[in-house]
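The values are calculated or read from the model by the stated rules, or taken from the named source; none is laboratory data. Computed from a predicted model, the values in this text were never measured in an experiment. Cβ coordinates were reconstructed from backbone atoms using ideal geometry, including for glycine residues, and neighbour counts include every protein chain displayed. Heavy atoms of the whole protein, side chains included, go into the accessibility calculation; ligands, DNA and RNA do not. Shrake-Rupley method; radii C 1.70, N 1.55, O 1.52, S 1.80 Å.
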Amino acid sequence: MPAPLGGPSVGYRHVAHVTSADASAVAQVLPVLAAGLERGDPLVLACSDELAQLLRAGLPADAPVAVVSDEVLDGRTPTALAGYTALLDQHAPASGHRLQLVTDSTRHCAGMTAWLQTEALLNHVLADRALDHLCVVDEGSLGDDAALARATHRLLLRDNRVVDNPAWREPAEILRELGDAGADPAEETSPTLVFQDVTDMRALRRGLNQALRGGPLPADDTEDLVLAIDEVTANAGEHGVPPVDVRLWVGPEQVLCTVSDRGPGFEEPLAGYGPAHGTDLSVGGMGLWLARRAVDRMTTGPRSDDGGGCVVRLSIDPRTR
């Protein structure tokens, strides 16, 4: 019998089983899940249909196992994190027990970067939750991102034992690496729209809506993007150093916006992946979270010109909408 993954006093445990075949995953994972069920710890399978069927077939028919679509844990990083939180609230175990959750690396519809960000941030966002999270990682399908995917897990499942992962990296370190994209090639081309030294937010929103009207984004995504740009620009105006400049590029494969000011920017890579003050919009602290939810990719970095300062880049691929 494998050793228990955790105990009632242990918080979130992010465990990777690195494999390249479902059969291997089932052989390794089933004994661990069965041991948890014997302890009275319920199980949620939120993985691919194939893996979920194999695991469910290997467990007692009357075991407390819920099978849910892995779609609820997919999407842009803030959306995926909210999905995890809602799932855990819905399936919260009885006092003194822990929830077991199985996911895998097969679904990342919002892109590999979003999935890696989510895997890293789970260690931060769910740190206090009584959760044993087994993630079946198929390194063969992840290509160049396999090493980074492994590094998002503090623990590894090997030979029915959970061991420390020597390749583990802190979430903030991984997010800095993923966000360090530098200038986008589109920035070398003429922008669709330029607002320099923004002081009139209403005029900015009108200009953005006009530039995006009839473009490649659906109406709902256009509205969300304008809101995101508005929030980031307002944040730069409040916390940065003027002038604040906004540039927009609209194309069939990418809609890109840069918001720059002369300040140092914000160095906290974990900022904006959840509402700063919960769900109460009236107390503020929602800008970065709302912006991240609205775009495929949001990065920050230094300005590339001689003026110094910070630039925030917000990008959407219309082909994925």
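Among the conditions (1) assigned to a helix (DSSP H, G or I); (2) of a type in the set (Gly, Ala, Ser); (3) out of contact with any helix residue (DSSP H, G or I) (no Cβ under 6 Å at 6 or more places or on another chain), Ala127 misses just one, which is (1). Within the bounds of region 142-158, is there any residue that is at pLDDT 90 or above and touching a Gly at 6+ places or on another chain (Cβ under 6 Å)? No: region 142-158 contains no residue that is at pLDDT 90 or above and touching a Gly at 6+ places or on another chain (Cβ under 6 Å). Quick check on my filter: what residues within region 193-222 are part of a loop (DSSP other than H, G, I, E, B), surrounded by 18 or more Cβ atoms within 10 Å (Cβ to Cβ) and more than 29 Å from the chain's Cα centre (by Cα)? Val198 - this is the single residue of region 193-222 that is part of a loop (DSSP other than H, G, I, E, B), surrounded by 18 or more Cβ atoms within 10 Å (Cβ to Cβ) and more than 29 Å from the chain's Cα centre (by Cα). Summed over region 96-114, residues that are within 16 Å of Arg13 (Cβ to Cβ), open to solvent by less than 10 Å² (accessible area, probe 1.4 Å) and assigned to a loop (DSSP other than H, G, I, E, B) total 1.
Looking only at residues of region 135-175 that are of a type in the set (Val, Ile, Thr) and within 17 Å of the chain's Cα centre (by Cα), we find that the one that is surrounded by the fewest Cβ atoms within 10 Å (Cβ to Cβ) is Ile174. Of all the numbered requirements in (1) surrounded by 21 or more Cβ atoms within 10 Å (Cβ to Cβ); (2) touching a helix residue (DSSP H, G or I) at 6+ places or on another chain (Cβ under 6 Å); (3) under 25 Å from Pro318 (Cα atoms), Leu45 misses one, and that requirement is (3).
Could you list all residues from region 49-68 that are at pLDDT below 95 and under 21 Å from the mean Cα position of the chain (by Cα)? Once the filter is applied, which keeps residues that are at pLDDT below 95 and under 21 Å from the mean Cα position of the chain (by Cα), region 49-68 yields nothing.
Of everything in region 211-233, what is among the hydrophobic types (A, V, I, L, M, F, W, C) and either touching a Pro at 6+ places or on another chain (Cβ under 8 Å) or under 14 Å from Ser260 (Cβ atoms) (or both)? Give them in sequence order. Of everything in region 211-233, those that are among the hydrophobic types (A, V, I, L, M, F, W, C) and either touching a Pro at 6+ places or on another chain (Cβ under 8 Å) or under 14 Å from Ser260 (Cβ atoms) (or both) turn out to be Leu217, Ile229, Val232. Restricted to region 120-155, and to residues there that are touching a strand residue (DSSP E or B) at 6+ places or on another chain (Cβ under 7 Å) and of a type in the set (D, E, K, R), the residue that is nearest to Asp104 (Cα to Cα) is Asp138.
State yes or no: is Leu134 in contact (Cβ under 8 Å) with a residue 12 or more places away in the chain, within 15 Å of Gly83 (Cα to Cα) and not small (Gly, Ala, Ser)? Judged against the criteria, Leu134 is not a match.
All of Gly75, Gly83 fail the test of being buried (at least 18 other Cβ atoms within 10 Å of the Cβ), without any contact (Cβ under 8 Å) to a residue 24 or more places away in the chain and either within 22 Å of Pro318 (Cα to Cα) or under 12 Å from the mean Cα position of the chain (by Cα) (or both), apart from Gly83. Considering the conditions (1) surrounded by fewer than 19 Cβ atoms within 10 Å (Cβ to Cβ); (2) out of contact with any strand residue (DSSP E or B) (no Cβ under 9 Å at 6 or more places or on another chain); (3) modelled with pLDDT under 95; (4) more than 30 Å from Gly36 (Cβ to Cβ), Gly237 is excluded by exactly one of them, (2). Would you check if Leu225 is among the aliphatic types (A, V, I, L, M) and either open to solvent by 40 Å² or more (accessible area, probe 1.4 Å) or touching a residue at least 60 places away in the same chain (Cβ under 8 Å) (or both)? When the stated conditions are applied, Leu225 passes them.
Going residue by residue through region 254-273, is there one that turns out to be modelled with pLDDT of 85 or more, out of contact with any helix residue (DSSP H, G or I) (no Cβ under 8 Å at 6 or more places or on another chain) and not hydroxyl-bearing (Ser, Thr, Tyr)? Scanning region 254-273 turns up at least one residue that is modelled with pLDDT of 85 or more, out of contact with any helix residue (DSSP H, G or I) (no Cβ under 8 Å at 6 or more places or on another chain) and not hydroxyl-bearing (Ser, Thr, Tyr).
Okay, residues lined up against (1) charged (D, E, K, R); (2) at pLDDT 90 or above:
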residue: Tyr84; (1), (2): no, yes
residue: Arg98; (1), (2): yes, yes
residue: Val102; (1), (2): no, yes
residue: Ala114; (1), (2): no, no
residue: Glu119; (1), (2): yes, yes
residue: Cys135; (1), (2): no, yes
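Reported count of residues in region 177-192, each being open to solvent by 80 Å² or more (accessible area, probe 1.4 Å) and either in contact with a helix residue (DSSP H, G or I) (Cβ under 9 Å, 6 or more places away or on another chain) or without any contact (Cβ under 8 Å) to a residue 40 or more places away in the chain (or both), is 4.
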